[in-house]
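Reviewing the structure listed below.
The values are calculated or read from the model by the stated rules, or taken from the named source; none is laboratory data. Keep in mind that what you see is a predicted model, and the values were worked out from it rather than measured. Note that we place each Cβ from the backbone using ideal geometry, even for glycine, and neighbour counts take in every protein chain shown. Just so you know, the surface numbers come from the protein's heavy atoms only, side chains and all, with ligands and any DNA or RNA stripped out. Shrake-Rupley method; radii C 1.70, N 1.55, O 1.52, S 1.80 Å.
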Amino acid sequence: MFTGIVEEMGKIKSIQKNHQTMNVQIYANQVLEKTKIGDSIAVNGVCLTVTTFSQNSFSADVMPETFKATNLRKLTPGQEVNLERALQLQDRLGGHYVTGHVDQIGIMKKIYRTHDEIRLTISISPHLAETLIEKGSITVDGISLTIFNVGRKDFTVSIIPHTFQSTTLSKNKVGSELNIEADYIRKTNHTTQTITRDFLQLNGF
């Protein structure tokens, strides 16, 4: 479990691809503190398991489903990524509960900047959009953000310049692929409501 509060930006050291799997080595500093083999680190919002590590880097394997369902398959050496260690129970929860299991890839649709804020509009499927609510939480490439507006096939987030500059969001452009994870609690409530509604309709209530 994670919070969506990015601890640092790491940099891809090397990638070894084998069909629909890959091993990725990432330069990092802060997230390596007290790290052990088997620990979880979110890379652009994707929960990966540390398989090896050194003083300034760690390695993780990307399995076929993760390879297909996230933007990790498009990583290249030298590219920066958002990193966060798994949540400890005694930590402050500055963002929201994030599982590190990506729902789908969204596409950057629009970037609007002022001196006070940056608004990003991201295209997603109507099915995922149904689970979102304004002022609810969402994770974009591992970053916990608050939803400003929800459309039928997209959503908009409003972020401060600091968050934009201190994460990989500043590296993206219109058309970029982004890992999207809807808020777990909201998603669970929506599923429960849908099942209840369908049950009542099926039984004539």
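Which one of Ile12, Gly175, Thr99 is farthest out on the positive end of the charge dipole of the chain, using unit charges on Cβ (Lys, Arg +1; Asp, Glu -1) and the Cα centre as origin?
Sorting the options by dipole projection puts first Gly175.
Check which residues have an amide H placed less than 5 Å from Gln79's amide H, if you skip close sequence neighbours.
Long-range HN contacts for Gln79: Ile12.
Could you tell me the relative contact order of the chain? Use alpha-carbon pairs under 8 Å, at least six residues apart, and round to a whole percent.
For the chain, the relative contact order is 23 percent.
Positive end of the charge dipole of the chain (Lys, Arg +1 and Asp, Glu -1 on Cβ, about the Cα centre): tell me which of Tyr184, Ile122, Thr66 has its Cα farthest that way.
Farthest along the dipole direction, towards plus: Ile122.
Show the residues, 5+ positions off or on another chain, whose built amide H is closer than 5 Å to the amide H of Ala86.
When sequence neighbours closer than 5 places are left aside, the close amide H contacts are Ser40, Ala42.
For the chain, with a Gaussian network of springs between Cα atoms less than 10 Å apart, report the residue from Ile41, Ile143, Ile107 with the top mean-square fluctuation.
Among Ile41, Ile143, Ile107, the largest GNM mean-square fluctuation belongs to Ile107.
Provide the per residue accessible area, probe 1.4 Å, for the chain, rounded to a whole number of square angstrom.
55
Using DSSP to call loops (not H, G, I, E or B), can you name the trypsin sites (Lys or Arg not before Pro) in the range 3-54 whose Cβ has at most 10 other Cβ atoms within 10 angstrom?
Answer in residue order: Lys34, Lys36.
Calculate, for Ile111 and Asn56, the FRET efficiency according to 1/(1 + (r/R0)^6) with r their C-beta to C-beta distance and R0 41 Å; round to the nearest 0.05.
After rounding, the FRET efficiency stands at 0.80.
Hey, any idea what % of the chain's accessible area is carbon plus sulfur with a 1.4 Å probe?
51
In the full protein assembly as shown, how much of Asp103 is accessible to a 1.4 Å probe, in Å² to the nearest 10?
Rounded to the nearest 10, the figure is 60 Å².
How about the range 1-81: which GluC sites (Glu not before Pro) there are in a DSSP loop, with at most 16 other Cβ atoms within 10 Å of their Cβ?
Glu33
Can you list the HN-Hα couplings for the range 135-145, worked out from phi with the Karplus curve (6.51, -1.76, 1.60; θ = phi - 60°), rounded to whole Hz and with x for Gly and Pro?
With coefficients 6.51, -1.76 and 1.60, one gets 6, x, 9, 8, 10, 10, 6, x, 9, 6, 10 Hz.
For Cα pairs less than 8 Å apart in space and 6+ apart in sequence, what is the mean separation divided by the residue count of the range 5-70, i.e. the relative contact order in percent?
For the range 5-70, the relative contact order is 31 percent.
Run the simple label-point estimate for Gln30 and Asn18 please: 7 Å along Cα→C-beta, distance reported in nm.
The two pseudo-label positions are separated by 3.4 nm.
Leaving out ligands, DNA and RNA but keeping every protein chain, what accessible area does Arg85 have, in Å² rounded to the nearest 10, with a 1.4 Å probe?
Looks like 60 Å² after rounding.
Can you work out the Karplus-derived ³J(HN,Hα) for every residue in the range 28-37? Use 6.51 cos²θ - 1.76 cosθ + 1.60 with θ = phi - 60°, whole Hz, and x for glycine or proline.
Each residue of the range 28-37 in turn: 7, 10, 4, 6, 7, 4, 6, 6, 10, 4 Hz.
Quote the charge dipole size of the chain about the Cα centre in Debye, to the nearest 20; the model charges only the Cβ of Lys and Arg (+1) and of Asp and Glu (-1).
So the magnitude is around 440 debye.
For Lys68, list the lysines whose Cα falls under 18 Å from its own Cα; do not include residues on the same chain fewer than 8 positions away.
Lys17
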